[in-house]
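**Student:** Below are the structure tokens for one structure; questions will follow.
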Amino acid sequence: GQAWLDREWGSQFLQADQAGWDWFSLHLESGEKLVLFQLRGQPADDPRDNFRYGRLISPDGGVVTLDPEQIGLNVVSETIVNGHRLPLRWEVDLPQISRRLELEALHPEQWMDVDFAYWEGVITINGSGPTSRGEGYMELTGYPLADPGS
């Protein structure tokens, strides 16, 4: 079978000007692994100012660190989960490695209502060819309660 181990080597609080993070660990049908994340600024900030990071690992262990300026993380749709409006469908554009991926939560209701509440769970990866399809894991933090009137 398959399992997931999420090992955090050091967690620290976000900076005062950061709202949360979006983190993706992707296992592609090609055998490649791709990790992407962004630290989001406050809601009024320009999303292009978010700190982004990405790294592609080939099946033989070769590593390509992605240029943050070439990591496109675009929300396709949001879903209300446990009162929070969450981006559970994404389009990822990575021109540096010629990839366009579509990510979607497999089970949207995976809200973790703990001291530091967040969403985490399995996602599907769709795109053209084995380098753009697979499965993975997503973690979303810092999404406040949705406005009940929206």
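The values are calculated or read from the model by the stated rules, or taken from the named source; none is laboratory data. Model, not experiment: these values are computed from the prediction. When we count neighbours, we look across all protein chains shown, and the Cβ atoms used for this are built from the backbone with ideal geometry, even at glycine. Heavy atoms of the whole protein, side chains included, go into the accessibility calculation; ligands, DNA and RNA do not. Shrake-Rupley method; radii C 1.70, N 1.55, O 1.52, S 1.80 Å.
**Student:** Working only within the stretch 36-60, note down all residues that are open to solvent by 40 Å² or more (accessible area, probe 1.4 Å) and either of a type in the set (A, V, I, L, M, F, W, C) or not in a loop (DSSP other than H, G, I, E, B) (or both).
**Tutor:** We begin by selecting, within the stretch 36-60, every residue open to solvent by 40 Å² or more (accessible area, probe 1.4 Å); these are 37, 39, 42-49, 51, 53, 55, 57, 59-60.
Result: PHE37, LEU39, ALA44, PRO47, ARG48, ASP49, PHE51, TYR53, ARG55, ILE57.
**Student:** Residues to consider are GLU91, GLU135; find the one that is more than 27 Å from GLN42 (Cα to Cα), part of a strand (DSSP E or B), modelled with pLDDT of 95 or more and under 14 Å from the mean Cα position of the chain (by Cα).
**Tutor:** On the way: GLU91 fails: more than 27 Å from GLN42 (Cα to Cα).
After ruling out the rest, the residue left standing is GLU135.
**Student:** What is the one condition in (1) farther than 20 Å from GLY54 by Cβ; (2) assigned to a strand (DSSP E or B) that LEU101 does not satisfy?
**Tutor:** (1)
**Student:** Same structure, new question: Give the residue that is nearest to the chain's Cα centre (by Cα), with candidates limited to residues of the stretch 22-33 that are within 18 Å of GLY127 (Cα to Cα) and either in a strand (DSSP E or B) or free of Cβ contacts under 8 Å to residues at least 24 places away in the same chain (or both).
**Tutor:** Within the stretch 22-33, the subset within 18 Å of GLY127 (Cα to Cα) is 24-33.
Checking the rest, the ones that are also either in a strand (DSSP E or B) or free of Cβ contacts under 8 Å to residues at least 24 places away in the same chain (or both) come to 24-28, 33.
Working: PHE24: 3, SER25: 7, LEU26: 9, HIS27: 13, LEU28: 15, LYS33: 14 Å.
The residue in question is PHE24.
**Student:** What number of residues in the stretch 119-150 are among the hydroxyl-bearing types (Ser, Thr, Tyr), in contact (Cβ under 8 Å) with a residue 40 or more places away in the chain and open to solvent by less than 80 Å² (accessible area, probe 1.4 Å)?
**Tutor:** Qualifying residue count, the stretch 119-150: 5.
**Student:** Sticking with this structure for a sec: Scan the stretch 34-56 and report the pairs whose first residue is free of Cβ contacts under 8 Å to residues at least 24 places away in the same chain and whose second residue is basic (Lys, Arg) and open to solvent by less than 50 Å² (accessible area, probe 1.4 Å), with Cβ atoms within less than 7 Å and a gap of 6+ or a chain change.
**Tutor:** What qualifies is ASN50/ARG40.
**Student:** Counting just the residues of the stretch 68-100 that are without any contact (Cβ under 8 Å) to a residue 24 or more places away in the chain and over 28 Å from MET112 (Cβ atoms), which one comes out most open to solvent (accessible area, probe 1.4 Å)?
**Tutor:** Residue satisfying both the conditions and the ranking: GLU69.
**Student:** Take VAL114 and decide whether it is without any contact (Cβ under 8 Å) to a residue 40 or more places away in the chain, out of contact with any strand residue (DSSP E or B) (no Cβ under 9 Å at 6 or more places or on another chain) and either of a type in the set (D, E, K, R) or more than 16 Å from LEU28 (Cβ to Cβ) (or both).
**Tutor:** Against the criterion (without any contact (Cβ under 8 Å) to a residue 40 or more places away in the chain, out of contact with any strand residue (DSSP E or B) (no Cβ under 9 Å at 6 or more places or on another chain) and either of a type in the set (D, E, K, R) or more than 16 Å from LEU28 (Cβ to Cβ) (or both)), VAL114 qualifies.
**Student:** Exactly one condition in (1) crowded, with 19+ Cβ neighbours inside 10 Å; (2) out of contact with any helix residue (DSSP H, G or I) (no Cβ under 9 Å at 6 or more places or on another chain); (3) modelled with pLDDT of 95 or more is false for VAL63; which is it?
**Tutor:** (1)
**Student:** Checking LEU14 against (1) at pLDDT 95 or above; (2) under 29 Å from PRO148 (Cβ atoms); (3) of a type in the set (A, V, I, L, M, F, W, C), only one condition comes out false. Which one?
**Tutor:** Result: LEU14 passes all but (1).
**Student:** Next up: Of the residues VAL75, VAL64, which is more than 15 Å from the chain's Cα centre (by Cα), on the phi < 0 side of the Ramachandran plot and not hydroxyl-bearing (Ser, Thr, Tyr)?
**Tutor:** That would be VAL64, the only listed residue that is more than 15 Å from the chain's Cα centre (by Cα), on the phi < 0 side of the Ramachandran plot and not hydroxyl-bearing (Ser, Thr, Tyr).
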